[in-house]
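The values are calculated or read from the model by the stated rules, or taken from the named source; none is laboratory data. Values in this document were obtained by computation on a predicted structure and should not be read as measured data. All Cβ positions, even for glycine, are placed from backbone atoms using ideal geometry, and neighbour counts span all protein chains on display. When the accessible area is computed, the model is the full protein with side chains, heavy atoms only, and any ligands, DNA or RNA have been set aside. Shrake-Rupley method; radii C 1.70, N 1.55, O 1.52, S 1.80 Å.
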Amino acid sequence: MPLLRQLEFAFRTVAGIADPGRLGAPQDVGVAAAGHNNAKPNVDLEETARELLGSLGAARIANDFRVEWNSRLKTAAGRADYHEKLISLNPRLSEYPAEIDRTLRHELAHILAQFRVGRRKISPHGVEWQQACIDLGIADEKRCHNLPFPARTFAALFVYRCPNCHQEFPRVRRMRRAVACLACCRKHNGSHFDPRFRLKPITTH
């Protein structure tokens, strides 16, 4: 997707308390818990998360905090939702037990960083998150994991073509607005949108 975005004129703007032995791997993760699509809560991880939050001054949100195994996560190791007070973990972490605690703390750092700044918007992996990682005992934490989870691939259902240079642009979703070839707009119209170079569909499904 990033390579295609370079070629188009219009861009679519499309985020030391725990004992590792207590951090349970998901059991029967293929079964969805009632009320949660493809998700199953983990009581031990929730308790660990609440203890960590409480020890770092975030007791106000600790009691309502939840941790779940969510089979909808495919490439991400985990996901944090501050407003829902929820951390979702990829069940495939069970294949890498040593990573469960670190991933939990990585996602908790997002929660803790947002709690500390209140309503102010912050960068997902900015200085606030980095400080939270230090406080959670993972000072050297990286932005992304390097676990060998399979990459998600999507078949291109729609293909568009520039009427001028004939460059083709495969797309997973149908384009809902006027999009022109960036290269041609740059070359012939000073980088401004030009309807002469609007992409035309050549395949649809």
I'd like the full set of residues that are modelled with pLDDT of 95 or more and among the acidic types (D, E), limited to the range 53-68.
E68
For the range 106-119, the count of residues that are touching a helix residue (DSSP H, G or I) at 6+ places or on another chain (Cβ under 9 Å) and either assigned to a loop (DSSP other than H, G, I, E, B) or hydrophobic (A, V, I, L, M, F, W, C) (or both) equals 7
Restricting to the range 139-178, and then to whatever is closer than 28 Å to P195 by Cα and polar (S, T, N, Q), can you tell me which residue is nearest to the chain's Cα centre (by Cα)?
Q167
Of all residues in the range 178-193, how many are farther than 13 Å from Y160 by Cα, open to solvent by less than 60 Å² (accessible area, probe 1.4 Å) and either in contact with a Cys (Cβ under 7 Å, 6 or more places away or on another chain) or outside any loop (DSSP other than H, G, I, E, B) (or both)?
6
Among the listed residues S123, S94, S88, S71, identify the single one that is modelled with pLDDT of 95 or more, open to solvent by less than 70 Å² (accessible area, probe 1.4 Å) and of a type in the set (G, A, S).
S88
R119: passes all of (1) over 20 Å from the mean Cα position of the chain (by Cα); (2) more than 30 Å from D44 (Cα to Cα) but (2)
Say whether the condition of being under 19 Å from the mean Cα position of the chain (by Cα) and buried (at least 19 other Cβ atoms within 10 Å of the Cβ) is met by at least one residue in the range 130-138.
yes
Taking the residues in the range 134-165 that are of a type in the set (A, V, I, L, M) and closer than 22 Å to S94 by Cβ as candidates, determine which candidate is modelled with the lowest pLDDT.
A151
Given the condition at pLDDT 95 or above, touching a strand residue (DSSP E or B) at 6+ places or on another chain (Cβ under 6 Å), crowded, with 19+ Cβ neighbours inside 10 Å and over 16 Å from L73 (Cβ atoms), answer yes or no: does some residue in the range 101-115 qualify?
yes
